[in-house]
1. Please work out the Kirkwood hydrodynamic radius for the stretch 53-173, using every pair of different C-alpha atoms, and report it in angstroms with one decimal place.
2. How would you order 467-480, 45-58 from highest to lowest mean count of nearby Cβ atoms within 10 Å?
3. Using a Förster radius of 22 Å, what is the FRET efficiency between Thr250 and Glu405 based on their Cβ-Cβ separation? Nearest 0.05, please.
4. On a straight-distance basis, which lysines could pair with Lys93 in a cross-link, Cα separation under 19 angstrom, same-chain partners fewer than 8 positions away excluded?
5. What does the convex hull of the Cα atoms of the chain come to per residue, in Å³, rounded to a whole number?
6. Give me the one-decimal nm value for the distance between modelled label points at Ala325 and Arg468, 7 Å along each residue's Cα-to-Cβ direction.
7. Which value, in debye to the nearest 20, gives the size of the charge dipole of the stretch 191-288 about its Cα centre, when Lys and Arg are +1 and Asp and Glu are -1 at the Cβ?
8. Applying the Karplus parametrisation 6.51 cos²θ - 1.76 cosθ + 1.60 with θ = phi - 60° to the phi angles of the stretch 112-127, what ³J(HN,Hα) value in whole Hz is obtained for each residue in order, glycine and proline being reported as x?
Amino acid sequence: MTMNRRGLLGLFGAGAAIGATPAMAEAEADSVAFAHGVASGDPGTDRVILWTRVTPGEGFNGPISVTWRVLDGEAVAASGRFETGPERDYTVKIDPAGLRPGRDYRYDFAVGETRSPIGRTRTLAAEGVTPVNLAVVSCQLYPGGLFNAYEAIAALPWLDAVVHLGDYIYEYGSEADAYGMVTGAALNRIPEPRHEIVTLADYRSRHAQYKTDADLQAAHARAPFICVWDDHETANDAWLHGAENHQPETEGDFAVRKAAALKAYYEWMPIREAAPGALKEAIYRSFHFGDVASLMMVETRLTGRTEALDYSKDLTAKDGPDGEAVLDLDAFRARLNDPERDLMGPEQRAWLTRELAASKAAGRPWQVLGNQVVTARVAGPDVSRTMTPDQIEGLMARVPEAFREQFEQALFLFKMGLPFNLDAWDGYPAGRERLYAAFAEAGVQPIVLAGDSHAFWVNELKDASGARRAIEFGTSAVSSPSIGDAIGGFPLGAALMQANDEVVFCDQSAKGFIVMTLTADRADAALMRVSTILAKPFDVVQLKRFSLGLDGRLADETAAST
């Protein structure tokens, strides 16, 4: 289909009167606006989080009373009042109870005579419900390009929820050489604030900028989001006690920065608040779609992750037989396989095992993990095994000069069978085996979703013994740069497929999202590519479509569905 609308809020009657309107409170400020749209999230069978943000009048810094309502058809199903203010950045978050399961609702907010756009949401079914339709997204860099994927998602005819696997915002600044800024400067999508975000005010401003995007607003108004963060909601390559992109000498205590990032995240995202006394970092939680599927959102950044290895620091040299320095591969592999390395601590892993087993015991055919990073065992491709020197030279000539030396170094490392991405589960093989043991203990082979990589993946996950443990579908980025963007026409996805038994399909260039459809006996994953993130209008094309049966058979259905 061809998309040519900038925003789709009009689909839902944004700003129009709907049904009977209860008396609204007098505005506490001279003028207010709902500049960041509306959103819903974390649906249950009898409730769903409703979110908006009130922009107060210039110079106003006091409390504001906001009324809200949920509409079932023309009838008001729930309503109330919420007090917001500067202590929560004028955000509003409602958790109305008493709704009916498996039901579509509309909702809006008002301050005095000023009314928000109208949102559309849906509760989870208590039983039955087929099919379940999910859109899966990840990695939306504001300067990286237009959020065309969200315009396409907002136009989907049937949607139960949007599953967001992280990197909802990015922390980088607007310097000419900052991440994505070549495109950002051309499109006039300049990060605000213009410096790297570190403080609470910084993180709030960056969230606010992202939610001014009309396409993102349209998707939020279309269906509830089920979200988990990855690293850039705090800082690149974040782990339990730090991040690659955090320098304590100039940016202070990482714990302080993390606390600021999480406070802003909870304020600005339609996610249920942490329970009293619970760690805000522990956002792993479950959602059950009737009798069909359970979705377990896991957290792999801030609760149990040990620091990632880095080839430039951890792959050291030693004296070779002739006295010349050689890479110490044995020492590196010993570090890589350290049994203490993990992405998920024992408490979360025990919770996940229980949830998987309970879902199977309840008779649901599908268990789905909302997981941040690629799980599969993916060695970097040794192209010298499949190409002649002349072919490699010709392909390297197509790689932009700015990236050629770095890519040549990567290809050299990949000749040794080393992992393609140390920040994914491949950098934590002992932790991955513990995860697979949890699958086996629960007696399930789940569907694992993955983001982070800015690439599309379909993988058959196998443990160290070669036994298949799960099927993985990885979504590409909404707008963040892909490796394929940097290396020109080099067929990296095809090379990874050829080099790795677990990789069924990989595309390292396309941008877009996944539409997953789950029924009682089948799971379908359509990998949807947007034709461009640099302009409108654009096309939405099904890149690939795979089906998975209850017998575990994975089939490429692309030809049959196009």
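The values are calculated or read from the model by the stated rules, or taken from the named source; none is laboratory data. None of these values were measured; they are calculated from a predicted model. Cβ placement follows ideal geometry from the backbone for every residue including glycine, while neighbour counts extend to all protein chains displayed. We work out accessible area using only protein heavy atoms, side chains counted, and drop any ligands, DNA or RNA first. Shrake-Rupley method; radii C 1.70, N 1.55, O 1.52, S 1.80 Å.
1. Working: mean 1/r = 0.0582 Å⁻¹.
The Cα-based Kirkwood calculation yields 17.2 Å.
2. Working: 467-480: 24.5, 45-58: 21.1.
Most protected by this proxy first, the peptides run 467-480, 45-58.
3. On the way: r = 28 Å, r/R0 = 1.29.
Here the calculated transfer efficiency is 0.20.
4. Lys211, Lys263, Lys280
5. Values: hull volume 90.4 nm³, N = 562.
Hull volume over Cα atoms, normalised by residue count, gives 161 Å³.
6. 4.6
7. Values: 11 positive and 16 negative charges, 108 e Å.
In total the dipole reaches around 520 debye.
8. x, 8, 8, 10, 6, x, 9, x, 10, 9, 8, 7, 7, 6, 7, 7
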